[in-house]
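Structure first, commentary second.
The values are calculated or read from the model by the stated rules, or taken from the named source; none is laboratory data. Computed from a prediction, not measured in an experiment: that's the story for all the values here. Every residue, glycine as well, gets a Cβ built from its backbone with ideal geometry; the counts of neighbours run over all protein chains shown. Accessible surface is based on the protein model in full, side chains and every heavy atom, while ligands, DNA and RNA are left aside. Shrake-Rupley method; radii C 1.70, N 1.55, O 1.52, S 1.80 Å.
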Amino acid sequence: MRVGITGHRGLDAQVEKRVRALLAEAVAEYAPGELVGVSCLADGPDSWWAEAVLAHGGRIEAVVPAAGYREGLPDWHHPTYDRLIGLASDVHETGMTVSDTQAHMAGSEILVGLADELLAVWDGQPAWGYGGTADVVAYADRQGTPVRVLWPQGASR
């Protein structure tokens, strides 16, 4: 089972703890040998999901939206990104160079195309910019990819 992830970045520590718990509950529903987590490995839910999948005994595949994607991530996240991409069993690239919203959405479209199911760490609100979580959820819906929303009750971003 290939399970992709999309979700809000920049969550505070309290919401992060609750989201990580939801991801741990979700990962436990899959047989370790059959689980492939598909992620762009950004800071936040993307990397938390990848870590949960690996800890569960599954595999991860990475989607790289653009050649300059890593440099656009926070510096503090680079060691995590580097470790996770090094552990990926496969890396899928868009072929784009500039890490902008167009590339991020293209990467998400590849991710949705690879996934049997999409987990969305989403508060149900519209995207703050093109390619945000709401846009990815809408794309998955249009493609017929099942979406499961994981959001802590009462949490905000």
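Among the criteria (1) more than 20 Å from Tyr30 (Cβ to Cβ); (2) at pLDDT 95 or above; (3) outside any helix (DSSP H, G or I); (4) in contact with an Asp or Glu (Cβ under 6 Å, 6 or more places away or on another chain), the one His77 does not fulfil is (3). Being in contact (Cβ under 8 Å) with a residue 12 or more places away in the chain, in contact with a helix residue (DSSP H, G or I) (Cβ under 8 Å, 6 or more places away or on another chain) and open to solvent by 50 Å² or more (accessible area, probe 1.4 Å) is a condition met by at least one residue of region 31-43.
Residues are listed down the side, and each one gets a yes or a no for (1) at pLDDT below 95; (2) within 20 Å of Gly132 (Cα to Cα); (3) assigned to a loop (DSSP other than H, G, I, E, B):
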| residue | (1), (2), (3) |
| --- | --- |
| Lys17 | no, no, no |
| Ala21 | no, no, no |
| Tyr30 | no, no, yes |
| Gly33 | yes, no, no |
| Ser47 | no, yes, no |
| Ile60 | no, no, no |
| Val91 | no, no, no |
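In this structure, does Glu71 turn out to be open to solvent by 60 Å² or more (accessible area, probe 1.4 Å), outside any strand (DSSP E or B) and within 24 Å of Asp141 (Cβ to Cβ)? Against the criterion (open to solvent by 60 Å² or more (accessible area, probe 1.4 Å), outside any strand (DSSP E or B) and within 24 Å of Asp141 (Cβ to Cβ)), Glu71 does not qualify.
The residue of region 113-133 that is surrounded by the fewest Cβ atoms within 10 Å (Cβ to Cβ), among those that are at pLDDT 95 or above and farther than 18 Å from Gly44 by Cα, is Asp116.
Taking the listed residues Val136, Val149, the one that is under 14 Å from the mean Cα position of the chain (by Cα) and closer than 13 Å to Cys40 by Cα is Val136, with no other qualifying.
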